[in-house]
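The values are calculated or read from the model by the stated rules, or taken from the named source; none is laboratory data. This is a predicted model, so every value here is computed, not measured. Every residue, glycine among them, receives a Cβ derived from its backbone with ideal geometry; neighbour counts consider all protein chains shown. Just the protein is used for accessible areas: all its heavy atoms, side chains included, with ligands, DNA and RNA removed. Shrake-Rupley method; radii C 1.70, N 1.55, O 1.52, S 1.80 Å.
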Amino acid sequence: MKKVLMSGKNVCKSFSQNGGSVQILDHIDVDIYEGDFTVIMGASGAGKSTFLYALSGMDSMTEGKVEYKGKEISSFDEKKMAKLRAEEFGFVFQQTHLVSNLTLFENVAVTGFMKEKRNTKEVRERAMKLLSQMHVENAKDRLPSQVSGGEAQRAAIARAMMNSPGIIFADEPTGALNRSNSEEVIHLLSQINEKGQSILMVTHDIRAAIHGNRILYLEDGKIFDELELPNYGEDDIRARESKVNDWLVSLQW
């Protein structure tokens with residue numbers, strides 16, 4: 001039986017507009033399982049990114065609660081939540097948000113010092129190991145503006161993994177990349193998932209979504225349907241893509 005890593009209970013998000021209330025997330029209950037590559041899909045405006053940010057504590061909720069490893073984190077104050085995000089959560093966004101005046105190595109390494117009891121040697125060694133795993137070690141001394149979008153995103157993944165997070169939240173990680181760079185980035189995310197890394201990813205790209213083993217479909221702020229898949233690589237890739245595509249068509253995506 002799979003172990004629940006994170007759960008959301010009655011997750012709601014709304015805001016006021018023109019004297020009324022607009023519901024973005026509508027009483028969502030969800031469990032995210034340890035070791036899964038969970039994908040969130042849905043039409044534009046369905047609340048995908050809002051849902052991701054609500055679970056990760058990057059955005060507040062109107063109602064509901066979120067638990068992580070059995071602890072209710074939605075009640076944490078900002079200081080406690082910031083510590084949790086630094087030590088337990090990794091983030092990869094559509095835009096890399098790398099610090100422009102730091103090299104790729106420095107962008108990755110600086111994250112390591114956010115975790116307590118880390119010495120300089122340990123941080124440097126781990127940063128180099130991760131850059132090597134992401135195939136950007138040769139660009140370690142370059143600034144983000146001096147590398148390709150794909151290289152910058154791979155460095156961002158290394159940064160997300162720096163503190164050995166319990167879960168990586170990825171919001172459209174291939175959205176700003178061309179096809180070849182997109183395929184490389186999603187393949188690397190799939191590889192780290194194969195080693196046990198839990199991932200929760202928002203995407204609109206079927207080629208990225210098929211790397212997940214569970215796809216949640218959001219519509220009108222609710223989880224409208226979900227699709228379970230074998231772990232990536234355990235079945236025929238073309239058949240897998242066809243299955244996901246047919247499922248999405250049935251949902252009028």
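Right, Ala239: in a helix (DSSP H, G or I), of a type in the set (Gly, Ala, Ser) and out of contact with any Ser or Thr (no Cβ under 8 Å at 6 or more places or on another chain) or not?
yes
From the list Glu125, Glu87, which residue is without any contact (Cβ under 8 Å) to a residue 24 or more places away in the chain, on the phi < 0 side of the Ramachandran plot, assigned to a helix (DSSP H, G or I) and open to solvent by 20 Å² or more (accessible area, probe 1.4 Å)?
Glu125 is the lone residue from the list that is without any contact (Cβ under 8 Å) to a residue 24 or more places away in the chain, on the phi < 0 side of the Ramachandran plot, assigned to a helix (DSSP H, G or I) and open to solvent by 20 Å² or more (accessible area, probe 1.4 Å).
For the range 61-81, which positions are open to solvent by 20 Å² or more (accessible area, probe 1.4 Å) and among the aliphatic types (A, V, I, L, M)?
Answer for the range 61-81, where residues must be open to solvent by 20 Å² or more (accessible area, probe 1.4 Å) and among the aliphatic types (A, V, I, L, M): just Met61.
What number of residues within the range 37-60 are open to solvent by less than 10 Å² (accessible area, probe 1.4 Å) and within 12 Å of the chain's Cα centre (by Cα)?
Selection size over the range 37-60: 8.
Given the criteria open to solvent by less than 50 Å² (accessible area, probe 1.4 Å), in a strand (DSSP E or B), modelled with pLDDT of 95 or more and touching a helix residue (DSSP H, G or I) at 6+ places or on another chain (Cβ under 7 Å), does Ile186 qualify?
no
The rows are residues; the columns are (1) touching a Ser or Thr at 6+ places or on another chain (Cβ under 8 Å); (2) of a type in the set (A, V, I, L, M); (3) in contact (Cβ under 8 Å) with a residue 24 or more places away in the chain; (4) farther than 18 Å from Glu172 by Cα.
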{"residue": "Arg214", "(1), (2), (3), (4)": "yes, no, yes, no"}
{"residue": "Lys222", "(1), (2), (3), (4)": "no, no, yes, yes"}
{"residue": "Lys243", "(1), (2), (3), (4)": "no, no, no, yes"}
{"residue": "Ser250", "(1), (2), (3), (4)": "no, no, no, yes"}
